[in-house]
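Input: a single structure, listed below in structure tokens.
The values are calculated or read from the model by the stated rules, or taken from the named source; none is laboratory data. As the structure is a prediction and not an experimental result, all values here were calculated from the model. In this analysis, Cβ positions are derived from the backbone assuming ideal geometry, glycine residues included, and neighbour counts consider all displayed protein chains. For accessibility, only protein heavy atoms count, side chains too; no ligands or nucleic acids. Shrake-Rupley method; radii C 1.70, N 1.55, O 1.52, S 1.80 Å.
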4 protein chains.
Amino acid sequence: MFAIAITLLAIEITVPIVDSTRGSDLADALLHQWPSYVAYAVTFFIVGAYWINHHRMFFLLRGVDHTFLILNILCLMAIAIIPFPNAVVAEYLTDPALRGVAAALYGLAMLMLAIMFNVVWWYADLRGLFRVDVDKAKVRKVLRTYLTGPVIYLIGLVISMWAPTVSLIIYFVVPFGYLFEGPVGEIDEGYIEMEG
Amino acid sequence: MFAIAITLLAIEITVPIVDSTRGSDLADALLHQWPSYVAYAVTFFIVGAYWINHHRMFFLLRGVDHTFLILNILCLMAIAIIPFPNAVVAEYLTDPALRGVAAALYGLAMLMLAIMFNVVWWYADLRGLFRVDVDKAKVRKVLRTYLTGPVIYLIGLVISMWAPTVSLIIYFVVPFGYLFEGPVGEIDEGYIEMEG
Amino acid sequence: MFAIAITLLAIEITVPIVDSTRGSDLADALLHQWPSYVAYAVTFFIVGAYWINHHRMFFLLRGVDHTFLILNILCLMAIAIIPFPNAVVAEYLTDPALRGVAAALYGLAMLMLAIMFNVVWWYADLRGLFRVDVDKAKVRKVLRTYLTGPVIYLIGLVISMWAPTVSLIIYFVVPFGYLFEGPVGEIDEGYIEMEG
Amino acid sequence: MFAIAITLLAIEITVPIVDSTRGSDLADALLHQWPSYVAYAVTFFIVGAYWINHHRMFFLLRGVDHTFLILNILCLMAIAIIPFPNAVVAEYLTDPALRGVAAALYGLAMLMLAIMFNVVWWYADLRGLFRVDVDKAKVRKVLRTYLTGPVIYLIGLVISMWAPTVSLIIYFVVPFGYLFEGPVGEIDEGYIEMEG
């Protein structure tokens, strides 16, 4: 599911059609699409990081109930829409007049995703869906770090209205936080055993 | 499979191309696409709910036979076509003259899906494909609730011919029924144990 | 993999754009696309039947070797291209002058798929990749029925050059053969036990 | 993931629209698209070969850590973008003036993929993520053969600037190397046991 949404991001990068006898014109047209490449890389990395975290948390569950499945569908709905705001940002990133609206849309989509991600995993905690051998205090510590997501994207969304460039930088810097393992590593001790 | 069809729903939401120096024009163009967002959310939720139910029922099977596999392919065929009627409704939802036909097409697609879903699971019951430890009376109770699907979509389809708005409201209200667990929860006792 | 190729078939069915105040014009435009619906249903069913057979055969393997994996990639290559000839047939089915070429392309794609499918499974047999408890005589019986595929599509391909309608009917009738289980059912005794 | 990227390659092959009463015009238009078919087949085979190797290496792991997962996301990012350079090569392969730039873009994308693939698996080796029963000397031998990938694509990339045809031939000949098993077969002894 995450894999499909993430792979569809590349579909939006189109082949530039140049009618020229000079190779430099095609090179220019390809370079001119740099916002598409940046948006692809950043969004791919953000969604990929959600994927890793979602997957690791799932391993800690003892089971799921109906409400969890419904909330998970809503979380997937927020994931699957991401190619749309990603394409809007890629289209209007270089337009000073319009990138504010594009940044706000992107921030709104990321905010919804961050909220749904939190709802799913806080619900799992509140309903006791984690395995009994999983340290409850450590799960809470992980869940509290997840709360930073909605806060950051809400700040970015508010800022986007008068300083779109700053908000875009915020969105694009967030992924670097994912380079560090965070508290989830304390629960599964840095290793996820292979399935099977 | 369900995941792929559901993710492809977002592809249909296109980036509006505005040639303007005012951000409000892009915002207007994005808001103007609201039927696409509504159709995405509603259809995603309906197909997601089918996914959950299909998955839970599969866990109750002891095995499958050739006819089950063929019927399942036909059910998947009805799932995979959904992005098409979804896109037609998104395109013509705001056009009073044309939304009746769009609503009828959507209702027809949903009716076929609901019928195939019933055919697959009633067949599984009639051929005794459920595990011996699964309570047959409870399975029947679940299957009877599934029968409401074709009935509702048939009513919606008939109504769409002279009151398209009413039929669309019917389709869009149906998903809220999925918020409640229904009798399938009585079989697997509200929890689906994790695989592996 | 099969699932992805099969789901992408629906992408090709586009929303007709009508500029009219009469619902009947949209209905006409939708009905006018009937070749797309027929092609979708037929191709989905054919690929779905390959999927079932591929899956059932895989269950009989004790392992795979490098050549098997390479051949399997070539078979998947033949599967993944199918949306293209399918779209060509949908586009030109109603054009008497051009449907011959479309039918030939479709037949060629199906012939390649049928050949690769046979190559994969005959190779598995020749290299002894099936489990020791699987009856070799019965596997051969299954493999011999698979040989009918390339023969039928080769006949269709030859006929398409002067009688495209007949060849299309041949392609479209073939799937009905899949409604019957065939000899593979004798090996796994009509039931595939659930995984896990 | 590999499967999705690989299947999306076929989407780029479009139906030629001919307005003619002669079948030979459609046949010509279809044949005229030969660069799309060649690019599809070559790229599919290259990515398919990466898929096989990635899968076989995964089977040798005892577990993964956070950095491995992050590197794997970056490797998947390099995989998922492949349909884009593939489409650029298909579009400009027959244009002598522009194919140099297209060949360079393709080489660059393949170089990034080859580098990320090496980074993922060398990291796994350095961090001791392989199972204890896996012969470390043989793993090193496999990893050293993987180093040829970046070298070949770097050579192709450099050559593409003044001899694009030669660089394209290099890219297109590389896949034939995958027909031979290579040292990974020495580790899992030519057979990958079925899962489950």
Query raised in the report: Taking the stretch A:41-78, which residues are part of a helix (DSSP H, G or I), in contact with a Gly (Cβ under 6 Å, 6 or more places away or on another chain) and charged (D, E, K, R)?
Result: none
Query raised in the report: For C:THR14, all conditions in the list (1) polar (S, T, N, Q); (2) surrounded by 18 or more Cβ atoms within 10 Å (Cβ to Cβ); (3) free of Cβ contacts under 8 Å to residues at least 24 places away in the same chain hold save one; what is the number of the exception?
Result: (2)
Query raised in the report: Which ones in the stretch C:100-141 are open to solvent by less than 30 Å² (accessible area, probe 1.4 Å), touching a Gly at 6+ places or on another chain (Cβ under 7 Å) and either of a type in the set (Ser, Thr, Tyr) or within 14 Å of another protein chain (Cβ to nearest Cβ) (or both)?
Result: C:GLY100, C:GLY107, C:LEU129
Query raised in the report: Does the stretch B:119-163 hold any residues that are at pLDDT 90 or above, within 17 Å of B:LEU61 (Cβ to Cβ) and among the β-branched types (Val, Ile, Thr), and which are they?
Result: B:VAL119, B:VAL120
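If only one of D:ASP19, D:ASP65 is among the acidic types (Asp, Glu) and within 20 Å of C:ALA104 (Cα to Cα), which one is it? Quick ask: steps written out before the conclusion?
Numbers: D:ASP65 fails: within 20 Å of C:ALA104 (Cα to Cα).
On inspection, the qualifying residue turns out to be D:ASP19.
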Report summary line: Residue hits (the stretch C:49-67; touching a strand residue (DSSP E or B) at 6+ places or on another chain (Cβ under 7 Å), more than 12 Å from chain B (Cβ to nearest Cβ) and either open to solvent by 30 Å² or more (accessible area, probe 1.4 Å) or among the polar types (S, T, N, Q) (or both)) are C:ARG62
Query raised in the report: Only one of these conditions is not met by B:ILE70: (1) open to solvent by 10 Å² or more (accessible area, probe 1.4 Å); (2) of a type outside the set (Ser, Thr, Tyr); (3) in contact with an Asp or Glu (Cβ under 6 Å, 6 or more places away or on another chain). Which number is it?
Result: (3)
**Report entry** Selection from the stretch D:67-122 of residues that are in contact with a Ser or Thr (Cβ under 6 Å, 6 or more places away or on another chain) and under 24 Å from A:PHE176 (Cβ atoms)
**Finding:** D:ALA80
Requested in this report: Pull up the stretch A:74-95, narrow it to residues that are open to solvent by 10 Å² or more (accessible area, probe 1.4 Å) and among the β-branched types (Val, Ile, Thr), then point me to the one that is farthest from the other protein chains (Cβ to nearest Cβ).
Outcome: A:THR94
Query raised in the report: Of everything in the stretch D:22-48 that's more than 7 Å from every other protein chain (Cβ to nearest Cβ) and touching a residue at least 60 places away in the same chain (Cβ under 8 Å), which residue is farthest from C:TRP162 (Cα to Cα)?
Result: D:ILE46
Query - All helices (runs of 4 or more DSSP H) inside the stretch D:79-182 with 2 or more residues being among the small types (Gly, Ala, Ser) - result: D:83-92, D:99-126, D:148-160, D:164-177
Query raised in the report: Are any of the residues in the stretch D:17-39 within 14 Å of the chain's Cα centre (by Cα), aliphatic (A, V, I, L, M) and crowded, with 20+ Cβ neighbours inside 10 Å?
Result: yes
Query raised in the report: How many residues, within the stretch A:121-156, are under 15 Å from the mean Cα position of the chain (by Cα) and of a type in the set (A, V, I, L, M, F, W, C)?
Result: 4
Query raised in the report: Since A:VAL18 meets every condition but one in (1) more than 21 Å from D:SER160 (Cα to Cα); (2) facing chain D (nearest Cβ under 8 Å), which condition does it not meet?
Result: (1)
